[in-house]
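The values are calculated or read from the model by the stated rules, or taken from the named source; none is laboratory data. Everything numeric in this text was worked out from a predicted model, so none of it was measured. Counting neighbours? That spans all protein chains shown, and the Cβs are built from the backbone with ideal geometry, glycine included. Surface accessibility is based on the protein's heavy atoms, side chains included, excluding ligands, DNA and RNA. Shrake-Rupley method; radii C 1.70, N 1.55, O 1.52, S 1.80 Å.
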Amino acid sequence: MNREMTAPENELTHTIRNFSVLLSPTPRGARLARLLATEQLRSWGLPLHPAEHIVAELAINASTHGRVPGRDFRVTLYVVADTLRIEVTDTRADRLPCVVPSGRGLLLVDALADRWGAAPGPYPRKTVWAELQHQRGR
């Protein structure tokens, strides 16, 4: 009897990668977020542009507008199939992001990301996220 082996329908057939780090809400913490994310993307063999710019903008926003003394912000990268998700979580849920003509940070994120938005977390947190479709070697 010859039977072909198949994976169950709900079994993942791709690798899921993630990286997460807590950083101080300072300009130095924002710069470190970009550097660490860039190195992580490089180690995964993913393109750096435009992800490094998105991380930089979201991290500087978290360290500037989402800053609460004594509370860190978190940068998380997820790769599932062909999607890179960048998340930056801070502790200012009362300050939701908005695109304004006078600021360029979120305008840049809006232009570079395939999708982006914000989600409330457990109080007092919020997460601003952006997603990019990628292809290896692009």
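When segment 38-52 is filtered for residues that are open to solvent by 60 Å² or more (accessible area, probe 1.4 Å) and either modelled with pLDDT under 95 or not charged (D, E, K, R) (or both), the ones remaining, listed by number, are Ser43, His49. Among the residues in segment 52-68, are any within 18 Å of Arg17 (Cβ to Cβ), touching a strand residue (DSSP E or B) at 6+ places or on another chain (Cβ under 9 Å) and in contact (Cβ under 8 Å) with a residue 12 or more places away in the chain? Checked against the condition, which is being within 18 Å of Arg17 (Cβ to Cβ), touching a strand residue (DSSP E or B) at 6+ places or on another chain (Cβ under 9 Å) and in contact (Cβ under 8 Å) with a residue 12 or more places away in the chain, segment 52-68 yields at least one hit.
Per-residue answers, yes or no, for (1) open to solvent by 30 Å² or more (accessible area, probe 1.4 Å); (2) farther than 26 Å from Thr15 by Cβ:
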{"site": "Leu36", "(1), (2)": "yes, no"}
{"site": "Ile54", "(1), (2)": "no, no"}
{"site": "Ser63", "(1), (2)": "no, yes"}
{"site": "Phe73", "(1), (2)": "no, yes"}
{"site": "Val80", "(1), (2)": "yes, no"}
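Filtering segment 92-118 to residues that are open to solvent by 40 Å² or more (accessible area, probe 1.4 Å), among the small types (Gly, Ala, Ser) and touching a strand residue (DSSP E or B) at 6+ places or on another chain (Cβ under 7 Å) leaves only Ala118.
Can you name every residue in segment 87-115 that is free of Cβ contacts under 8 Å to residues at least 40 places away in the same chain and farther than 23 Å from Gly70 by Cα? Give the derivation first.
Taking segment 87-115 as the starting set, the residues that turn out to be free of Cβ contacts under 8 Å to residues at least 40 places away in the same chain are 89, 91-104, 107, 110-111, 114-115.
Selection gives Cys98, Val99, Val100, Pro101, Ser102, Gly103, Arg104, Leu107, Asp110, Ala111, Asp114, Arg115.
If you take the residues of segment 1-37 that are β-branched (Val, Ile, Thr) and modelled with pLDDT of 95 or more, which of them is farthest from Gly66 (Cα to Cα)? Going through the qualifying residues, I end up with Val21.
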